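Reviewing the structure listed below.
The values are calculated or read from the model by the stated rules, or taken from the named source; none is laboratory data. Predicted model, so just to flag it, every value in this text is computed and none were measured. Cβ coordinates were reconstructed from backbone atoms using ideal geometry, including for glycine residues, and neighbour counts include every protein chain displayed. Calculation scope for accessible area: heavy atoms of the full protein, side chains included, ligands and nucleic acids excluded. Shrake-Rupley method; radii C 1.70, N 1.55, O 1.52, S 1.80 Å.
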Amino acid sequence: LSDILRDSPAEGRAILDDPFNFRYPGGESLADVVQDLLPLVLELERAAHSAVVVSHRSILQLLVGYFTGVESRESVLDIDVPRHAVIRLTAGQYGWLVEHIDLFEWHRRRVAGSLDVPAYVVHGAKCHYGGGIGGGSSSIRSGSTPK
């Protein structure tokens, strides 16, 4: 953002003023992405099995924000989505439990033989949102992961 503020101050101010609705030249805004994610969200809500979503940080922020009930659009951008981690959402009686699993730490402990947490292996549905934002399709396919 500092480069944009330096090279194009007006564009930088527009991002700071409304980061959720700012549309990059030739790109799309987060508000546009929300509309593109609706079919995926509906399928995730209907899924009877676990699902895995691998995506860019902003997409994951939007999904975590939706499932955890974050109401402010600006707050969605502050959701912690660490690199090299799995974010595990587990439905509970009073909402969603959010758990971050650091893959480097998990692997280090596994190799050292001191892994005292279960290896997270997803069985059941596989979620794929392909084709890129704006032109993609979403699908959840049932299947099992080899043990």
Residue 66 fails exactly one of (1) over 19 Å from the mean Cα position of the chain (by Cα); (2) open to solvent by 90 Å² or more (accessible area, probe 1.4 Å); (3) of a type outside the set (Lys, Arg), namely (1)
Expected single match for over 20 Å from the mean Cα position of the chain (by Cα) and in a loop (DSSP other than H, G, I, E, B) among 25, 82 is 25
Reported set for the stretch 34-59 where residues are open to solvent by 70 Å² or more (accessible area, probe 1.4 Å), within 11 Å of the chain's Cα centre (by Cα) and in contact (Cβ under 8 Å) with a residue 24 or more places away in the chain is 57
Checked the stretch 92-107 for anything farther than 18 Å from residue 56 by Cα, open to solvent by 70 Å² or more (accessible area, probe 1.4 Å) and touching a residue at least 12 places away in the same chain (Cβ under 8 Å); matches are 96, 104
- Query: In this structure, is residue 75 assigned to a helix (DSSP H, G or I), out of contact with any Lys or Arg (no Cβ under 7 Å at 6 or more places or on another chain), among the polar types (S, T, N, Q) and at pLDDT below 85?
  - Reply: yes
Inside the stretch 69-91, the number of residues satisfying the requirement of being open to solvent by less than 50 Å² (accessible area, probe 1.4 Å) and in contact with a strand residue (DSSP E or B) (Cβ under 7 Å, 6 or more places away or on another chain) is 5
